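The values are calculated or read from the model by the stated rules, or taken from the named source; none is laboratory data. What you are looking at is a predicted structure, and each value in this text was computed from that prediction instead of being measured. Neighbour counts are summed over all protein chains in view; Cβ atoms, including those assigned to glycine, are modelled from backbone coordinates with ideal geometry. Side chains included, ligands, DNA and RNA excluded: accessible areas come from the protein's heavy atoms. Shrake-Rupley method; radii C 1.70, N 1.55, O 1.52, S 1.80 Å.
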Amino acid sequence: MRGPQKAKVVEKSFIGEDVFILKLLQPFIAEECRPGQFVNVRCSPLYEPLLRRPLSIFDVDREKGEFSLLIRIVGKGTKLLSQHKEGDELDLLGPLGSAFPYNQYKNPLLIAGGIGIAPLYFLAKTVDHPTIIFGAKNKKELYTLEELREFATVLVFTEDGSEGEKGMATSKLHRLILKHDSVFACGPLGMLREVVRIAKEAEVPSFISLEERMACGFGACLGCAVKTIKGYKMLCKDGPVMRGEEVML
Ligand SMILES: Cc1cc2nc3c(=O)[nH]c(=O)nc-3n(C[C@H](O)[C@H](O)[C@H](O)COP(=O)(O)OP(=O)(O)OC[C@H]3O[C@@H](n4cnc5c(N)ncnc54)[C@H](O)[C@@H]3O)c2cc1C
Ligand code: FES
């Protein structure tokens, strides 16, 4: 990892009431990053909030030296990020953490829940012939669905039935998983638990990206410990992508 780097805001676009895409010019990160990795971003030039905020790499254009973040506003840091304008500079660390081991499997099944689509969009663009299950509470929370459909087979589930099949992302997983040699997932904890349970039953390896709170982002503060069958691991360094069967969810 390099030290803090500057990234220029190339574009900001809201794609929902509280969700936006931030496109950044930062050739080193754009070149180096792999799906599943994240950047740790200072949200304001003032030291409030003090801690950086971790955000997954959502999309990359290596030729232009650009990458994008898909961000939901949930508090002070993400609100401040949403106020940046084209031409502003951000201070960030990255790329950080582990990536999905996509080159070790021939036929992975991808599963995203809501904003959990962020790292899986980049992953879906990277693997050959991707199939992705995309679940959300409702149609509005199926962020970037139309773009995703341009390059992936997308199986859609919404809790209220407003798009795709009515149900949870995991509703048909026990059947769908049988055609695949691995599962890569990101989404709410409940969804991840179910993904790991079903994958274990089917004896298919699962890899999940966890979105717990972090501080330093590179293994120095021990602020992101996650319990696994091999003892405590640092989510920022050993994760955020971890072997599903090993994490004690
Ligand atoms: C590796 C990683 C990748 C992430 N990728 C993305 C992404 O691509 N897009 C995105 O929108 N978000 C992502 N997140 C979550 C994002 O980091 C938090 O939403 C953000 O840090 C909140 O900062 P805030 O100052 O706006 O909110 P705060 O004021 O810090 O908190 C507001 C509320 O959000 C809750 N919250 C804060 N952080 C988290 C968290 N990590 N997980 C769950 N709840 C949290 C708090 O408990 C509180 O209720 C990621 C988190 C991790 C660890
Ligand atoms: S956030 Fe500091 S050790 Fe992980």
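Annotation note: of 91, 59, the sole residue that is open to solvent by 10 Å² or more (accessible area, probe 1.4 Å) and touching a Pro at 6+ places or on another chain (Cβ under 6 Å) is 91.
Is it the case, given these coordinates, that residue 27 is within 16 Å of ligand 2 (Cβ to nearest atom) and open to solvent by 30 Å² or more (accessible area, probe 1.4 Å)? No. Name the pairs whose Cβ atoms lie under 8 Å apart, with the first residue in region 28-55 and without any contact (Cβ under 8 Å) to a residue 40 or more places away in the chain and assigned by TED's automatic domain parsing to the domain that holds residue 83, the second among the charged types (D, E, K, R) and open to solvent by less than 30 Å² (accessible area, probe 1.4 Å), and 6 or more positions between them or separate chains? Going by the 8 Å Cβ cut-off, the qualifying pairs are 30/66; 43/52.
A quick yes/no check of all residues on (1) in a loop (DSSP other than H, G, I, E, B); (2) of a type in the set (D, E, K, R); (3) open to solvent by 60 Å² or more (accessible area, probe 1.4 Å); (4) within 16 Å of ligand 1 (Cβ to nearest atom):
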residue: 204; (1), (2), (3), (4): yes, no, no, no
residue: 208; (1), (2), (3), (4): no, no, no, yes
residue: 211; (1), (2), (3), (4): yes, yes, yes, yes
residue: 220; (1), (2), (3), (4): yes, no, yes, yes
residue: 223; (1), (2), (3), (4): yes, no, no, yes
residue: 226; (1), (2), (3), (4): no, no, no, yes
residue: 237; (1), (2), (3), (4): no, yes, yes, yes
residue: 245; (1), (2), (3), (4): no, yes, no, no
residue: 249; (1), (2), (3), (4): yes, no, yes, yes
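In the set 123, 81, 109, 92, only one residue is over 22 Å from residue 52 (Cβ atoms) and within 15 Å of ligand 1 (Cβ to nearest atom); that residue is 123. Scanning region 62-88 for residues that are open to solvent by 20 Å² or more (accessible area, probe 1.4 Å), of a type in the set (Gly, Ala, Ser) and touching a residue at least 60 places away in the same chain (Cβ under 8 Å) turns up just one, 87. Quick one: residue 47 ticks every box in (1) assigned to a loop (DSSP other than H, G, I, E, B); (2) under 13 Å from the mean Cα position of the chain (by Cα) except a single one, so which number is it? Among (1) assigned to a loop (DSSP other than H, G, I, E, B); (2) under 13 Å from the mean Cα position of the chain (by Cα), the lone unmet condition for residue 47 is (2).
Taking region 114-200 as the region of interest, the helices (runs of 4 or more DSSP H) fully inside it that hold 1 or more residues being open to solvent by 10 Å² or more (accessible area, probe 1.4 Å) and either closer than 24 Å to residue 247 by Cβ or polar (S, T, N, Q) (or both) are 117-126, 173-176. The residue list 48, 31 contains one member that is out of contact with any Phe, Trp or Tyr (no Cβ under 8 Å at 6 or more places or on another chain), within 28 Å of residue 104 (Cβ to Cβ) and among the charged types (D, E, K, R), which is 31. When the criteria are applied in full, residue 215 fails the requirement of being within 16 Å of ligand 2 (Cβ to nearest atom), modelled with pLDDT under 95, open to solvent by 50 Å² or more (accessible area, probe 1.4 Å) and not charged (D, E, K, R).
In this structure, residue 45 qualifies as open to solvent by 20 Å² or more (accessible area, probe 1.4 Å), over 24 Å from residue 141 (Cα atoms) and either of a type in the set (A, V, I, L, M) or modelled with pLDDT under 95 (or both).
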